[in-house]
Amino acid sequence: MNRFIETSRNTIREAAINGKLVIFVGSGVSANSDLPTWKSIINSFAKDLDTNFNVESIEEFIKIPQYFFNERGSNEYLRKLKNLFALPSKTNMIHDIIFEMYPAHIITTNFDNLLEEFILQKGLNYHIVKKDSDLPYAEENRMIIKMHGDLELGNFVLKEDDYLEYENNFKLIETYVKSLFATHIILFVGFSADDPNFKIIFNWVKGKLNKDFQPSYLLEANNKFDSLKFNYYKNRGISILYYSELDKANSNLTLSPYKNYLKYLRSKQGKNLAEFLIYISDDKGLSLENLVTRAYNFLKIFEELQYILPDDLIARLRINAKYFIQKENGSNCGILQIYDDVVYDFIESYNEGSKKEQIKTKYNNELNYIFECLRKAQIQRVIAVKNLGTEPKQNKLELGNKVDENEQDFDLLMTHLLNFDLYSFEIGLSKYIIDIEVEGNEQCFLGKAQFLFKLGKYSQAHQLLKEISKTAIKNKKYLIYAISELNTLINHAVWRVDIFNDKYDVETIKKVENEIKRIDLDKIYKNLPASKQEIVFYFNKITQFLFLYKYEVKLISEKNKFIDAKDKIEAGGWITPFPSLDESISYITNLNNFILGNHLFVDYYFEYKSVFELFVEILFINYSTSRETTNTGKPFAKFEINNLKEFDYFMIFTIITQVNN
């Protein structure tokens, strides 16, 4: 049986890699957030009716709430359900593991809102479908499909009439869910094979599709292996994977970042389910081909960007990793440290001369792209750690720096700007990318438009952005197109201050205003083709300033550390270790590279200024803290404070351009 679980795990992981995994979430997941299971809901109705029922029977299961509805009426029926779900609840670690498997879609019969809460907390891009009319706007997005409706909407499915009328009330959802069963691998999580609710779903699928559906799997976290039941469902297309049959010794739980959080799940069934999911979602046993393919597919979203935020790259790869900067020979070296056996083994093979050429020959394009993305995230070295414990092993992969001729020209212009050498800057700009066409070089010309914008040459920037948008959409460079359109709106908002003066005739003003009116960012989202829908997630992060808010939170935390250190030292105390500026500098450098490198005009917005003002505050708090303190009453009477000795060009430029500007 354990061998069957292992091969099933590989099938599920393969489906996830290829965007073909759908996770079907049952009430057993919400039960770990202290919400009622379907069975407890039905038992509560049965108890109020004061009659003995067999709640294990499918027929009784849907009749009991119907009896209550008939006896007490719709108001009391709805009130009772809302009271059952009124308990304080929050998402649990099982939600984390489910979404880390990166399912193409999630289907659920739950009508609580925990899944919605989770994607809101994490900023994930899933469209919520609660009713038929939600579906046409989401058919090309990742979705959470609440196939039994929603408690707040009042269209939930529980009693017999709801099931009888389901085909009429949820016609589009029913059709779409059927298509998912026919084309995707389905993983049932939070169900038991004994649950009447699962039996209802199973009979529905079997009745609608007969045997015309892809393999499905159910994680059985509670009951022991039952060969009769296993064979019964397997012959009908659903394989039950039993936790009781899992080889716990080789489940790789000890290496999981979730291992210390299992204790927060109150029920044994919840802990079993979480541990089972950790095993299913773990990459142990993945082939080299799957590892490379997965990383390549996950990183395709960054294809049109020149710079990537390290946090975003880690999130896309869904690996246990951290990014940090290390000083080496006076320069910063960006390091990605990954805690993963498979990556460790890959780097070991790649670093061996004989194997390196074989790997490069077979995966040359994919690896070149992956390494390019790592360099775009300012990562010069990857360190993979194996066997976390007393003696972890490490393998290193040196990547070097990102090299691009046009980017080198761009960096030179930025250096002139940082040095306030506007004469050299304008001369350099006049020579920047003059011998190439816009088409095929849209990213370079976005850089030129950005510099025109910074010089206040809004009319020229507007004309150039128009050309960029035109060629970007023609060449299906959707993210560049979206950034260009966003920049056009920002350029116009700043330009409006002087557009209505004597420099522009009425016709020009009218033409520009009409061009601006046609830009609809929401339409850009909706009109993207299916293969590019994930770009919406990134574009949302940009237009809604989600990436700025994230860094604002990080810098507030760093600022509080420095304030605390300064207060303690000035009060005659001491603190060790003294906070380092490295984290703050790393955050602001990465953010600045992302904004400037991708040529975003967002530096005129309040949200942008707030982040950089926080950085300036941290610099002055650190700089103003006494470099040496004496406190004879303490064990460490004299200690050095590792603080800022001088400001570099970037710091000075940030102070002058951002504070009270």
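The values are calculated or read from the model by the stated rules, or taken from the named source; none is laboratory data. Computed from a predicted structure; not experimentally measured. Don't worry about glycine lacking a Cβ; one is built from the backbone with ideal geometry, like all the others, and counts go over all protein chains shown. SASA here: full protein model, heavy atoms, side chains in, ligands and nucleic acids out. Shrake-Rupley method; radii C 1.70, N 1.55, O 1.52, S 1.80 Å.
Okay, here's what the table says:
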| quantity | calculated |
| --- | --- |
| log10 of Debye I(q)/I(0), alpha-carbon scatterers only, for the stretch 142-218 at 0.10, 0.13 Å⁻¹ | -0.24, -0.41 |
| log10 of Debye I(q)/I(0), alpha-carbon scatterers only, for the stretch 1-87 at 0.10, 0.13, 0.21 Å⁻¹ | -0.43, -0.62, -0.98 |
| Extension gain, PHE650 back to LYS224 (0.36 nm per residue minus Cα-Cα distance, nm) | 147.1 nm |
| Cα gyration tensor shape of the stretch 1-154, rounded if a/c is under 1.5, else prolate or oblate by comparing a/b with b/c | prolate |
| Solvent accessible area, Å² - GLU646, 1.4 Å probe, full protein context | 140 Å² |
| For the stretch 8-54, accessible area per residue (1.4 Å probe, heavy atoms of protein chains only), Å² | 36 Å² |
| Gyration tensor (Cα) of the stretch 291-391, equivalent ellipsoid semi-axes in angstrom | 20, 19, 14 |
| Label point distance in nm, THR51-VAL494, each placed 7 Å from Cα along Cα→Cβ | 7.2 nm |
| Calculated FRET value between ARG72 and LYS234, using beta carbons and R₀ = 60 Å, to 0.05 | 0.90 |
| Rg to Rh, two decimals, where the stretch 150-193 supplies the alpha carbon set and Rh follows Kirkwood | 1.02 |
| Extension gain (nm, one decimal) between LYS474 and ALA86, 0.36 nm per residue minus Cα-Cα | 134.5 nm |
| Where labels lie 7 Å past Cα in the beta-carbon direction, separation of LYS268 and ASP520 in nm | 5.8 nm |
| Simple label model, 7 Å out from Cα along Cβ direction - LYS171 to THR7, nm | 4.3 nm |
| Extension gain, GLU437 back to LYS199 (0.36 nm per residue minus Cα-Cα distance, nm) | 79.4 nm |
| Unit charges on C-beta of K, R, D, E only; dipole of the stretch 15-137, Debye | 160 debye |
| Ranked order, GLU507, GLU14 - accessible area, probe 1.4 Å, largest first | GLU507, GLU14 |
| Total charge dipole magnitude, the stretch 287-364, about the Cα centre, Cβ charges on Lys, Arg, Asp, Glu only, Debye to nearest 20 | 80 debye |
